[in-house]
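Below you'll find the structure, written out as C-alpha cells, and then a few comments.
The values are calculated or read from the model by the stated rules, or taken from the named source; none is laboratory data. All figures in this text were calculated on a predicted structure; none of them were measured in a lab. We place every Cβ from the backbone using ideal geometry, glycine too, and count neighbours over all the protein chains shown. We work out accessible area using only protein heavy atoms, side chains counted, and drop any ligands, DNA or RNA first. Shrake-Rupley method; radii C 1.70, N 1.55, O 1.52, S 1.80 Å.
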Amino acid sequence: MEAIIREHINTKHLSMSIAKIDDKWDWMKVSVYSIENSPYGWIKRNLIHSAFGLNNKDTGLTKTGSLLDIEMYIREAVYPIYTEFPQEEIKELLNGIKEKI
C-alpha cells in the first residue's frame, strides 16, 4: 500500500507543499503571499497566488538531478505578482526543497 506524505517549506513570502509517495516526491505546489507587519510583533500573510502543481514526470530532475525546472516553476509563480523579488528567498526555498526531496 502506498503511503502519501505531505511536507511543507515556508519562507517569508513563499510556501511549498510537497507530496511524496513511498519517500519519492510525486508533485509540489507553490503559493505566493503578501505580508503585513503588525505593530504587535506578528506578521500577517495574505495569499495572493497559488500556482498549478508541478508533477515529477514534468521535470528533468529524475534524469539530470538538476533543480532548474523547479526553480523556473517558482519564478513563473512569483514574477507576475512581484516585479522585484529577493533572490535569496528563492534560494532559501530551493535549499529546503533539496533537503525534502
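Candidates in the stretch 21-36 are the residues that are modelled with pLDDT of 90 or more and open to solvent by less than 60 Å² (accessible area, probe 1.4 Å); of these, the one that is nearest to Tyr79 (Cα to Cα) is Val32.
You will find that of Glu76, Glu92, the residue that is touching a residue at least 40 places away in the same chain (Cβ under 8 Å), under 15 Å from the mean Cα position of the chain (by Cα), more than 24 Å from Ile4 (Cα to Cα) and open to solvent by 30 Å² or more (accessible area, probe 1.4 Å) is Glu92 and no other.
Taking each residue of the stretch 35-61 that is closer than 13 Å to Ser15 by Cβ and looking for partners that are in a loop (DSSP other than H, G, I, E, B) and open to solvent by less than 60 Å² (accessible area, probe 1.4 Å) with beta-carbon atoms closer than 9 Å, six or more apart or interchain, yields Ile35/His13; Arg45/His13; Ile48/His13; Ile48/Ile81; Ile48/Tyr82; His49/Ile81. Residues that are surrounded by fewer than 10 Cβ atoms within 10 Å (Cβ to Cβ) and either at pLDDT 90 or above or not hydrophobic (A, V, I, L, M, F, W, C) (or both) within the stretch 37-51 comprise Asn37, Ser38, Pro39, Tyr40, Gly41, Asn46, listed in sequence order.
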